[in-house]
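The values are calculated or read from the model by the stated rules, or taken from the named source; none is laboratory data. Note that the structure is predicted; figures quoted are calculated from it, not measured. FYI the Cβ positions are ideal-geometry reconstructions off the backbone, even for glycines, and counts take in every protein chain you see. Side chains included, ligands, DNA and RNA excluded: accessible areas come from the protein's heavy atoms. Shrake-Rupley method; radii C 1.70, N 1.55, O 1.52, S 1.80 Å.
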Amino acid sequence: MFKFDEIEADKLAFRYGTPLYVYRENVIRESYRNLKNAFSDIKTRIHYAVKANSNPWILRILKEEGAWADVVSPGEIYLALHAGFPAEKLLFTQNSVSDEQMKYALDSRVRINVESLSQLKRLKVLAPGTDISIRFNIYIGAGHHSHVITGGPLSKFGIDWESTDQVKKIVSEGNLKVKGIHCHIGSGILDAEMFVRAVKNLLITAKKFPDLEVIDFGGGIGIPYRPDEKPITLKELGQKLTGEYMSFCKDYGKKPELAVEPGRYLVAESGSLLCMVTSINKSRKYTFMGTDTGFNHLIRPAFYGSYHRIEPAVIREGEETTAVITGNLCESGDIFTRTEDGIEPRRFTPIEEGDLLIIHNAGAYGFSMASHYNSFLLPAEILVKGSESRLIRKRETYNRLLDNIPDF
Ligand code: LLP
């Protein structure tokens, strides 16, 4: 029987029900420390990108480790403050932000990472004299899917790095203080060289701003989802970036801190979606193993064609089977074993109805992208540490579906 730390999967399913998000606390702490160690030669801030998993219990673990946080909405500010992050350790990087949302950040004393000239002009009027950060589009983009590439001519994010003169003009009109600069090139990147290129461009821009406290090169560090993918070598990445940064500091005359903003790297591998096989159906081409979850709970395969390793909790004796693992929703795209081009069956040890399956690497962008589509309830979430487990989000009940609906 598959175990999460020291606890058998069937014990958790019996106690908490399925579908269930299971996170292992030690894996989160280990990922944080690995990253921190890769940059041990320089003063580094790790900003956790809250969007990857915003459960306050997860936020609290990262806060305890010493993380800062990247927040992209007033809701994420609210959750991060609730989890105990001090306001000065948050950076607000919302896209397409309204004045009202900027006021929420300002009232919460959270620094704003400005990402368009129009936003900068509005902020100059709203809050002259404020310390800010600027997000630049440094014209380098990368990522596991076109949906998540956030640099270059197609990207809606950031101020063109050739517009620094305009930035400086607006900044001085509003007596704003540029304390940080930032870029984020994309998500799910396993090629360290892309980060080196990004940092080089960001450092060129940094030289134009003399009072920086922090230079933030964004998130995007990938994890290996497919068996043939290799993890990024953090040590090598750390060494290369440290080299670039040290030589920048010599010219710059000061040593701003270096920030990195990972979401996926810190939480993806800690989390699994534990579900149950509830139907077996055959077409002329495929054997479909239907489960009690779907893309309403883990959208990555349907949305990006992403690969998630799937493993039966019990390895049954007998001939292997080739199967397609599906969800229980009303769309044919509701398939967990697929690529962007469509269905990709996999080999499994024998699977029967009632068996538990573990969908791995689901700790990032799993629950945080979940919805009530088809009016199924959201999964419960638990945190496991050694032989202990703790409910960190209760299973919903059907009255949740009527939340905010006025009575007839
Ligand atoms: N910073 C900014 C400004 C971002 O936009 C993002 C992610 C991050 C940091 C964190 O990126 P990470 O280290 O997690 O790659 N739902 C997609 C990923 C979308 C990422 C959006 N921005 C997925 O499931 O692959």
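Of all residues assigned to the range 367-376, at least one qualifies as being of a type outside the set (Lys, Arg), within 16 Å of the ligand (Cβ to nearest atom) and buried (at least 20 other Cβ atoms within 10 Å of the Cβ). Right, residue 210: within 16 Å of the ligand (Cβ to nearest atom), in a loop (DSSP other than H, G, I, E, B) and modelled with pLDDT of 95 or more or not? Answer is no for this residue. Figure legend. Inter-residue proximity from the range 215-231: first residues assigned to a loop (DSSP other than H, G, I, E, B) and near the ligand (Cβ under 9 Å from one of its atoms), second residues hydroxyl-bearing (Ser, Thr, Tyr) and open to solvent by 10 Å² or more (accessible area, probe 1.4 Å), beta-carbon distance below 6 Å, spacing 6+ or different chains. Indicated pairs: 220/187. The set of residues in the range 102-145 being more than 21 Å from residue 47 (Cα to Cα), free of Cβ contacts under 8 Å to residues at least 24 places away in the same chain and open to solvent by less than 10 Å² (accessible area, probe 1.4 Å) consists of 119 alone. Selection within the range 146-176: residues that are open to solvent by 90 Å² or more (accessible area, probe 1.4 Å) and more than 16 Å from the ligand (Cβ to nearest atom). The member of this set that is nearest to the chain's Cα centre (by Cα) is 153.
If I filter the range 383-397 for residues that are more than 30 Å from residue 221 (Cα to Cα) and among the basic types (Lys, Arg), do I get at least one hit? Checked against the condition, which is being more than 30 Å from residue 221 (Cα to Cα) and among the basic types (Lys, Arg), the range 383-397 yields at least one hit.
Residues checked against (1) within 15 Å of the ligand (Cβ to nearest atom); (2) under 16 Å from the mean Cα position of the chain (by Cα); (3) surrounded by 17 or more Cβ atoms within 10 Å (Cβ to Cβ):
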{"residue": "32", "(1), (2), (3)": "yes, yes, yes"}
{"residue": "37", "(1), (2), (3)": "no, no, no"}
{"residue": "42", "(1), (2), (3)": "no, no, no"}
{"residue": "45", "(1), (2), (3)": "yes, no, yes"}
{"residue": "49", "(1), (2), (3)": "yes, yes, yes"}
{"residue": "52", "(1), (2), (3)": "yes, yes, yes"}
{"residue": "59", "(1), (2), (3)": "yes, yes, yes"}
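The residues of the range 257-304 that are over 22 Å from residue 51 (Cβ atoms) and open to solvent by less than 10 Å² (accessible area, probe 1.4 Å), listed by number, are 274, 275, 277, 289, 290, 291.
Residues satisfying the criterion are present in the range 72-87 (criterion: surrounded by fewer than 21 Cβ atoms within 10 Å (Cβ to Cβ), within 13 Å of the ligand (Cβ to nearest atom), more than 14 Å from residue 266 (Cβ to Cβ) and under 17 Å from the mean Cα position of the chain (by Cα)).
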